[in-house]
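Working notes, structure below.
The values are calculated or read from the model by the stated rules, or taken from the named source; none is laboratory data. Nothing here was measured: the structure is a model prediction, and the numbers come from that model. Methodologically, a virtual Cβ is constructed for each residue, glycine included, from the backbone with ideal geometry; neighbour enumeration extends over all protein chains shown. Remember, those area values only see protein heavy atoms, side chains included, never the ligands or the DNA or RNA. Shrake-Rupley method; radii C 1.70, N 1.55, O 1.52, S 1.80 Å.
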Amino acid sequence: NAGVTQTPKFRVLKTGQSMTLLCAQDMNHEYMYWYRQDPGMGLRLIHYSVGEGTTAKGEVPDGYNVSRLKKQNFLLGLESAAPSQTSVYFCASSTGNSPLHFGNGTRLTVT
Amino acid sequence: SQELEQSPQSLIVQEGKNLTINCTSSKTLYGLYWYKQKYGEGLIFLMMLQKGGEEKSHEKITAKLDEKKQQSSLHITASQPSHAGIYLCGGGTSYGKLTFGQGTILTVHP
């Protein structure tokens, strides 16, 4: 029972490069979320999805895009990475009326 | 600014002391969650509160949600070094949208 799996665990990008972070859950959850965590800022919501094929903007969506083509996967894309996007990224999922299940995080550094 | 505000931002206590962390929202919350995080690690679910006036306890930790569902508190009784970490409150303010506060860093000195 894997729960929520994030890939990759670590990544270093150069400014202007693009990448996709993958989140996969095997709990048949409807809701999925992408957060970023920076020192002193707690967790900030980037984008979220309330079901397959739907996405919505969170608190800090600029510079990111997401897709939820399959219920079990939620992809976070950075089209042109910037140093301000250096952060730890967490994916989470839930039924909508239950606690969030979090992945172990992806540590991204943009140089 | 974030939709949920936590206070204090950091807290240093002596082992055995009681402490309280607060979480405030400007909007009525659909639900309120408390999580704990050890430095550099993932998040551990502590408690979920959904009804106004609800109170839950687990071991030495008690969480409450006020009647208006806009304020929550997390109280630790007789703190131990194992309680140290970052405490985060999260809440739903609109359909599907779940945001978190900026976190409270707790240090417990033996």
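The set of residues from region A:77-94 being among the aliphatic types (A, V, I, L, M) and open to solvent by less than 10 Å² (accessible area, probe 1.4 Å) comprises A:LEU78, A:ALA81, A:ALA92. Looking across region A:95-111 at every residue that is open to solvent by 20 Å² or more (accessible area, probe 1.4 Å) and not in a loop (DSSP other than H, G, I, E, B), the one that is nearest to the other protein chains (Cβ to nearest Cβ) is identified as A:PHE102.
The residue list B:LEU4, B:LEU74 contains one member that is touching a residue at least 12 places away in the same chain (Cβ under 8 Å) and either within 12 Å of chain A (Cβ to nearest Cβ) or surrounded by fewer than 16 Cβ atoms within 10 Å (Cβ to Cβ) (or both), which is B:LEU4. Within region B:77-99, if we keep just the residues that are in contact with a Leu (Cβ under 8 Å, 6 or more places away or on another chain) and more than 15 Å from B:LEU49 (Cβ to Cβ), the residue that is surrounded by the most Cβ atoms within 10 Å (Cβ to Cβ) turns out to be B:THR99. Selection of first residues in region A:73-94 that are part of a loop (DSSP other than H, G, I, E, B) and of second residues that are of a type in the set (Gly, Ala, Ser) and surrounded by 14 or more Cβ atoms within 10 Å (Cβ to Cβ), restricted to Cβ pairs under 9 Å at least 6 apart or on distinct chains, gives the following pairs, ordered by first then second residue: A:GLU79/A:GLY63; A:SER80/A:GLY63; A:ALA81/A:GLY63; A:ALA82/A:GLY63.
Screening B:LYS36 against (1) of a type in the set (D, E, K, R); (2) within 14 Å of chain A (Cβ to nearest Cβ); (3) exposed (fewer than 14 other Cβ atoms within 10 Å of the Cβ) leaves a single unmet condition, (3).
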